[in-house]
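Inspection log for the structure reproduced underneath, given as structure tokens.
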Amino acid sequence: MGFNKNYINKEGIITKYKEGLESLVRYISMSDCIVIEDDFSEYVIDIVLNDDGQVASDKIEKMIAG
């Protein structure tokens, strides 16, 4: 059995978010270990883990746009 760790950075977050918020949430929440590579990723992970649905989506969309 392996250890599931993800190195998460801005590019990876944007790619997963384009697949849909559910894909991004699954990518973040299904990891045994998350290695955060930049501040942007830290903020997005905090949003995903602490906010719900539409609120999280709106916040992440604003961050990606600008």
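Read the figures in this text as sums done on the coordinates, not as results from a lab. Bear in mind that the values here come from a model prediction, so they are computed numbers and not experimental data. Every residue, glycine as well, gets a Cβ built from its backbone with ideal geometry; the counts of neighbours run over all protein chains shown.
Just to confirm the number: angle between the C-alpha axis of helix 39-50 and the first principal axis of the chain, 0 to 90 degrees, nearest 10? Its long axis makes an angle of about 90 degrees. From helices alone, the chain scores -20000 deg cm²/dmol at 222 nm; the rule is -39500 (n - 2.57) for each run of n ≥ 4 DSSP H residues, then divide by the residue total. P(r) tail for the stretch 5-65: Cα pairs beyond 14 Å make up 47% of the total. Net charge of the neighbourhood of residue 8, taken over other residues with C-beta under 14 Å away and scored Lys/Arg +1, Asp/Glu -1, is -3.
3J(HN,Hα) couplings calculated from phi for the stretch 53-64 with the Karplus curve 6.51 cos²θ - 1.76 cosθ + 1.60 (θ = phi - 60°) are, in sequence order, x, 5, 4, 4, 4, 4, 5, 5, 4, 5, 5, 5 Hz; Gly and Pro show x.
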